[in-house]
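A quick write-up on the structure given underneath.
The values are calculated or read from the model by the stated rules, or taken from the named source; none is laboratory data. Just so you know, these numbers come straight off a predicted model, no measurement behind them. Neighbour counts are summed over all protein chains in view; Cβ atoms, including those assigned to glycine, are modelled from backbone coordinates with ideal geometry. Surface accessibility is based on the protein's heavy atoms, side chains included, excluding ligands, DNA and RNA. Shrake-Rupley method; radii C 1.70, N 1.55, O 1.52, S 1.80 Å.
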Amino acid sequence: MAEDFTFNITQNIGKLSEGNGGWTLELNLVSWNNRSPKYDIRSWSPDHQKMGKGITLTKEEALALKNLLQTIE
């Protein structure tokens, strides 16, 4: 059984896309279980109460991803 957890979107950085029903794929800074915020890419319901699967990155990982994305032509 899944454990209960808390989350707080501390900064909405931007929307990457929008899907059916108003769900959006977003890049945010999210604090999980009252820990330090991390960069987070996942889909969110319009009211931000439900979420899809996603990926959470430290600042260092986000910067490494940024560098990799800059190589795409």
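Observations on the model:
- Sites counted here are trypsin sites (Lys or Arg not before Pro) in a DSSP loop (not H, G, I, E or B) having no more than 11 other Cβ atoms within 10 Å; the longest part of the chain that contains none of them is 1-34.
- Accessible carbon and sulfur surface of the chain relative to its total accessible area, %, 1.4 Å: 53 percent
- Contact order, relative form, for the chain: 21 percent (alpha carbon pairs under 8 Å, 6 or more residues apart, mean separation divided by residue count).
- Of the GluC sites (Glu not before Pro) found in region 1-35, those that fall in a DSSP loop while having at most 16 other beta-carbon atoms within 10 Å are GLU3.
- Anisotropy class of the chain from Cα gyration tensor, a/c 1.5 cut: oblate
- In loop segments of the chain as defined by DSSP, the chymotrypsin sites (Phe, Trp or Tyr not before Pro) with at most 13 further C-beta atoms inside 10 Å of their C-beta are PHE5.
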